[in-house]
Structure formats: C-alpha cells, structure tokens
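Quick notes on the structure that follows.
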Amino acid sequence: MTTVATVEEGTDSPYALSHLDALESEAVHILREVAGEFEKPVILFSGGKDSIVMLHLALKAFAPAPVPFALLHVDTGHNFPEVLDYRDRTVAKHGLRLHVASVQDYIDRGVLKERPDGTRNPLQTVPLTDTIREQGFDAVFGGGRRDEEKARAKERVFSLRDEFSQWDPRRQRPELWNLYNGRHAPGEHVRVFPLSNWTELDVWQYIARENIELPQIYYAHEREVFKRAGMWLTAGEWGGPKDGETVEKRLVRYRTVGDMSCTGAVDSDADTIEKVITEIAASRLTERGATRADDKLSEAAMEDRKREGYF
C-alpha cells in the first residue's frame, strides 16, 4: 500500500510558499506567458516603484538570458530629475532598449495644448497610444495594482484594448484557474498587469527582501515644497508655486511618483525601508488617494483616462 504524506492544517510545510513567493511566482508565470504568446511586448517603465519591481521580476523570469522586452517611458517633461536619472542608469546597467514618448514634442508640434492647471499627466494618452501603434506593440505591461484605485480594481490581468487603445468592460475575458486569453485582432493589443494582486505593503516587503534599489525620493529627505489642495508639491517650471503659496523646507517622502505637478509628498521621517514598511502598515489611505491630484479631478478621473487609452 502506498502511503501519502499529508500536512495537518495549521502546521508548517517545507514546501509551502510564503505570500511573497506566491505573488512572485504568479507574476513570473504571467511574464513568461506573454513572452510565449505575443510577438512584440513592451514594459511601461516610469522609474516608479511598481515598474521597478516589474522589471526586477522580468530579469528573474528570464535569467540568465536578457529580458526579451523593450521598455517604454512616456516623458511628461515634468518628471522628477531623480527618477529620470534612475531610469537611465537602470537601462545602461542591464543593457535594455528604451523607447521614450515625449509629451513636450506633442506640445511643440501643436498636437497637444498645456492645461491651465499645469499638469501633464492627462496629456500622456496620445503619445502613449501613438507609440504603441507605431511600434506595433501587441502586449503592454503596466504596474497597476487593484488596491490602488477603484477603476484599477476592475481590471483583468490581461486587459483587451481595441484599435484605438480604448477599454470596453463588456469585452473583458474571465480568468479562471489563472488561464489568460491573449487573442486579439490586428491593431488591437492587450495591457498586462503582473502586479494586479499585490498591495502597496507587498511591494515594499518584496523590495526589502530582494534588496531592490529605488530612487531616493521614496525615502524621507529634506525638500523645498509648497502646499496646494492639501498636498505638498515640488516647485518647478510647470506652474508652482502661485501667488500666496509659500515654499518651505520640510522632511518628506513620496509614496508614488508621477508628474511633479500632481504628485504630492507626505510628511515622513521614514528614511529606511524598515521605517517605510512600518509607516505603510499603519496607513489607511492608498498612495494614489493620498498623493495624486490627477485622481481627484473627478470621481471618475481614472475611469475616464482608462476608456481613453491612458491606463
């Protein structure tokens, strides 16, 4: 008679995966699935923590071979200098291919117009969708997570987009048993979110475990900022500060990184990864809810941009 070993409930198994191992395994599976199913995928890489983790997972998924995907960054022209420096160093370090879609180029050509509030985040849609179409990318990796924002919580891991890069909830496919359907018509593409099931805390715990380098603005540092709409913003050519807005030096850090005109810093003394994890574990606000003005333009701001092709 064959004896089958079992592990009683509540006991530790030497074969059990930690929650970070399980998330990593799922993300690696998704990355490899895309590599086998699509002809020309690309990774959206902003130099923010989620895209950094996604690239780290891709490096692990295909090692010792190089990452079989190019990177794509939509440069608003109002990016944090520290983040652009990190992006360029990372590309050089790993010998990666980088495509840059410049919002400023579109403004100079008269295709796009500056907004009165100075923010360029909503202007990223056209450069992004144009580059996807011109380069023929059929799968686009994004670092979106379902815990960030209600519109992102609706996304499948494989999110089908039409020939105009628009999202239609009625055309999304079920994803039972981690089976992903990447079929698409010519001109369409699929947005892929390997970090869908991660939380902000998971991301930071994984960064700590893997010893992943981040831009220093994610940690507490002294910075000249001014207050607008309840957020600490960095002064810059984008239009801040205005009359009546006073610049002061404060100890702050950034929970998320985007356009300088709409990404707020938070007061913090978390200058190590351990302190950041403790701070996040006690927080009751998502990073986008606390620090992204572009998500506060309306109740459906992210939903609107997703339908237009941005997210």
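The values are calculated or read from the model by the stated rules, or taken from the named source; none is laboratory data. The structure presented is a predicted model; accordingly, all values stated were derived computationally and were not measured. When we count neighbours, we look across all protein chains shown, and the Cβ atoms used for this are built from the backbone with ideal geometry, even at glycine. Note: areas computed on protein heavy atoms with side chains; ligands, DNA, RNA excluded. Shrake-Rupley method; radii C 1.70, N 1.55, O 1.52, S 1.80 Å.
Points worth noting:
- Semi-axis lengths (Å, descending) of the ellipsoid that matches the C-alpha gyration tensor of region 123-187: 21, 16, 10
- Taking amide H atoms as placed 1.01 Å from N in the peptide plane, the amide H of residue 112 lies under 5 Å from those of 107, each 5 or more residues away in sequence or on another chain.
- Span from the region 185-256 Cα centroid across to the region 42-67 one, whole angstrom: 19
- Working value for the chain: equivalent-ellipsoid semi-axes of 33, 26, 18 Å, each the square root of 5 times a Cα gyration tensor eigenvalue, largest first.
- Helices that extend 24 Å or more along their long axis by alpha-carbon positions and average at least -1.0 on the Kyte-Doolittle scale are, among the DSSP H runs of the chain, 19-37.
- Longest site-free stretch - the chain; sites: GluC sites (Glu not before Pro), DSSP loop, at most 11 other Cβ within 10 Å: 40-236
- Here is how the number arises for the chain: DSSP H runs of 4 or more residues each give -39500 (n - 2.57), the sum is divided by the residue count, and the result at 222 nm is -9500 deg cm²/dmol.
- Cα Rg, Dmax (largest Cα-Cα span) when computed across region 216-296, Å: 12.4, 39
- Karplus-derived 3J(HN,Hα) values for region 218-229, using 6.51 cos²θ - 1.76 cosθ + 1.60 with θ = phi - 60°, are 6, 10, 4, 7, 6, 8, 7, 9, 9, 9, 8, 6 Hz; glycine and proline are entered as x.
- With all protein chains modelled, accessible area of residue 108 [1.4 Å, Å²]: 110
- From phi via Karplus (6.51, -1.76, 1.60), per-residue ³J(HN,Hα) for region 166-178 in Hz, x at Gly/Pro: 8, 9, 10, x, 6, 9, 6, 9, x, 10, 6, 6, 6
- Of all beta bridges that DSSP places with both ends in the chain, some 60 percent have antiparallel geometry.
- Residue 257 long-range amide H proximity, modeled H, under 5 Å: 49
- Average accessible surface for the chain: 49 Å² per residue, computed with a 1.4 Å probe over protein heavy atoms with every protein chain in place.
- Taking amide H as placed 1.01 Å from N in the peptide plane, the amide H of residue 232 sits under 5 Å from that of 265, each at least 5 places away or on another chain.
- Which listed pairs, of 113/154; 49/154; 49/113; 113/249, have C-alpha distances above 25 Å, in listed order: 113/154; 49/113; 113/249
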